[in-house]
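Visitor: Here it is, the structure in full.
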Amino acid sequence: MTVKDNMTRFLRVKHDALIMDAAVLMREKGTGSTLVEKEGKPVGVLTERDFLKKVVAKGLDSATVKVEEIMSAPIITIGENEKVKEAYTLMNEKNIRRLAVTNEKGEVVGKVTSHGISRSIGFEKLKKTFVDKPRQYYAGNVR
């Protein structure tokens, strides 16, 4: 299974957007992270965790703080044709929960998350158990 198979869309915001506006957009789109761009180029990632630790916990005003002030940088990327196992290993090494996914031109085309990978791996295991080997499962022979 490749990263491309697990990739989802990466919401994008400008580096000089206010945190409050980015948070509203993230809530509306149902995502926990967004790619930060400056002059059309990716420069960082803003996550819910950044917002909580760097704005809320410090008592800052989200209506005055800009995204570029609290975003995580540099962006950690992985190629879309890499194996999911490689993405998961890289996330563990870097202690992060998401990677920007790049195409062969180096352009960010999406993101892959540890949660998404866990869900897909869980689904594959269930599929193998219940769809690919249902008789063995119900006979108690599948581990």
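The values are calculated or read from the model by the stated rules, or taken from the named source; none is laboratory data. Model, not experiment: these values are computed from the prediction. Please note: Cβ atoms are built from the backbone with ideal geometry, for glycine as well, and neighbour counts cover all protein chains shown.
Visitor: Between a residue in segment 82-107 that is under 22 Å from K41 (Cβ atoms) and any residue that is in a strand (DSSP E or B) and among the small types (G, A, S), which pairs come within a Cβ distance under 6 Å, given they are 6 or more apart or on different chains?
Guide: R98/S33; V101/G110; T102/G79
Visitor: Shifting gears a bit: Kindly indicate whether V109 is at pLDDT 95 or above and hydrophobic (A, V, I, L, M, F, W, C).
Guide: Against the criterion (at pLDDT 95 or above and hydrophobic (A, V, I, L, M, F, W, C)), V109 qualifies.
Visitor: While we're here: Go through N95, N6 for me and flag whichever is within 18 Å of the chain's Cα centre (by Cα), surrounded by fewer than 18 Cβ atoms within 10 Å (Cβ to Cβ), within 26 Å of S120 (Cα to Cα) and among the polar types (S, T, N, Q).
Guide: Numbers: N6 fails: surrounded by fewer than 18 Cβ atoms within 10 Å (Cβ to Cβ).
Exactly one residue qualifies, and that residue is N95.
Visitor: Residue check: is K85 of a type in the set (K, R), assigned to a helix (DSSP H, G or I) and buried (at least 16 other Cβ atoms within 10 Å of the Cβ)? Spell out the reasoning first.
Guide: On the way: of a type in the set (K, R): yes; assigned to a helix (DSSP H, G or I): yes; buried (at least 16 other Cβ atoms within 10 Å of the Cβ): no.
Criteria not met by K85.
Visitor: When the residues of segment 49-82 are narrowed to those that are within 21 Å of N6 (Cα to Cα) and not aliphatic (A, V, I, L, M), which ends up surrounded by the fewest Cβ atoms within 10 Å (Cβ to Cβ)?
Guide: Looking only at segment 49-82, we keep the residues that are within 21 Å of N6 (Cα to Cα), and these are 75-82.
Still in the list and also not aliphatic (A, V, I, L, M): 77, 79-82.
Values: T77: 16, G79: 16, E80: 18, N81: 12, E82: 18.
The qualifying residue surrounded by the fewest Cβ atoms within 10 Å (Cβ to Cβ) is N81.
Visitor: A follow-up question, please. Checking the condition more than 18 Å from V108 (Cβ to Cβ) and among the hydroxyl-bearing types (S, T, Y), which residue from S62, S33 passes?
Guide: S62
Visitor: Right, another one. Show the residue pairs that are 6+ apart or on different chains and have beta-carbon atoms under 8 Å apart, the first residue being within segment 59-70 and touching a residue at least 12 places away in the same chain (Cβ under 8 Å), the second being exposed (fewer than 15 other Cβ atoms within 10 Å of the Cβ) and in a loop (DSSP other than H, G, I, E, B).
Guide: Taking only residues 6 or more apart or on different chains, the pairs are K66/D16; V67/D16; E68/D16.
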